[in-house]
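One structure below.
What follows is calculated from the coordinates using simple rules that are stated; it is not laboratory data. Every value quoted in this text rests on a predicted model; they were computed, and no experiment measured them. Because the Cβ atoms are built from the backbone with ideal geometry, glycine has one as well, and the counts that use them run over all protein chains shown.
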Amino acid sequence: MGMSSNPYRGFRFPPEVIQHPVWLYHCFSLSLRDVELILTARGIVVRYESI
């Protein structure tokens with residue numbers, strides 16, 4: 001009641017790493033593979049299936 005639930009609880013990556021791919025995907029109409037390539041170039045190794 002006084003505590004708000006954390007929507008990112010239990011995820012492997014911090015919220016910033018989760019929010020950035022979602023933002024890229026929706027704002028720029030990129031494919032999941034494109035988002036995977038952008039994140040890999042920034043040093044975040046993920047598979048497109050996990051985005």
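Annotations
- Spin-label pair PHE28/PHE11, simplified geometry with 7 Å Cα→Cβ offset, distance in nm: 1.9
- Considering the chain, its Cα convex hull presents a mean projected area of 4.3 nm².
- Based on Cα contacts under 8 Å between residues 6+ apart, the chain shows a relative contact order of 25 percent.
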